[in-house]
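K.L.:
Below are the structure tokens for one structure; questions will follow.
The values are calculated or read from the model by the stated rules, or taken from the named source; none is laboratory data. Keep in mind that what you see is a predicted model, and the values were worked out from it rather than measured. Glycine gets a Cβ as well: all are built from the backbone with ideal geometry, and neighbour counts include every protein chain shown.
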Amino acid sequence: MQLRNARLCLNCEEIHAAAHCPVCTSESFAFVSRWIPVEERRKEPRRPALDAAQPAPRTAVPGRMRWVKRGAAGVAVLAASRMLWQLSRPVEWEDAEIPEDVEQREQEEPTE
């Protein structure tokens, strides 16, 4: 049983690791690590917490790279808008050339 997980039952003073005591089935317990300090398991110690007054270090993107990204985004927006513009225009079939191998049907006028 690991010391980090060890619990002391407050009713019967049994040490266990379950959610409830295996002897008296009580759910009131206290962690043993409250009284016995546990060694740090990490190989490297924790980094000190950043002070709230000290700003977090920023990874600065070079100015040229920022403009390249913006330019690429602008070109993508222009290409998408051009495609949408072309799709939204109505097609005029009267001006379209019909190939010779396609048979043309004469429009029948509705008879009343």
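K.L.:
Can you tell me which condition residue 23 does not meet? The list is (1) touching a Lys or Arg at 6+ places or on another chain (Cβ under 6 Å); (2) at pLDDT 85 or above, and all the others hold.
P.N.:
Every condition holds for residue 23 apart from (1).
K.L.:
Under 6 Å between Cβ atoms, which residue pairs at least 6 apart in sequence (or on different chains) link something in region 2-25 that is without any contact (Cβ under 8 Å) to a residue 40 or more places away in the chain and assigned to a strand (DSSP E or B) with a partner that is of a type in the set (A, V, I, L, M) and surrounded by 13 or more Cβ atoms within 10 Å (Cβ to Cβ)?
P.N.:
If the second residue must be of a type in the set (A, V, I, L, M) and surrounded by 13 or more Cβ atoms within 10 Å (Cβ to Cβ), the pairs left are 8/32; 15/6; 15/8.
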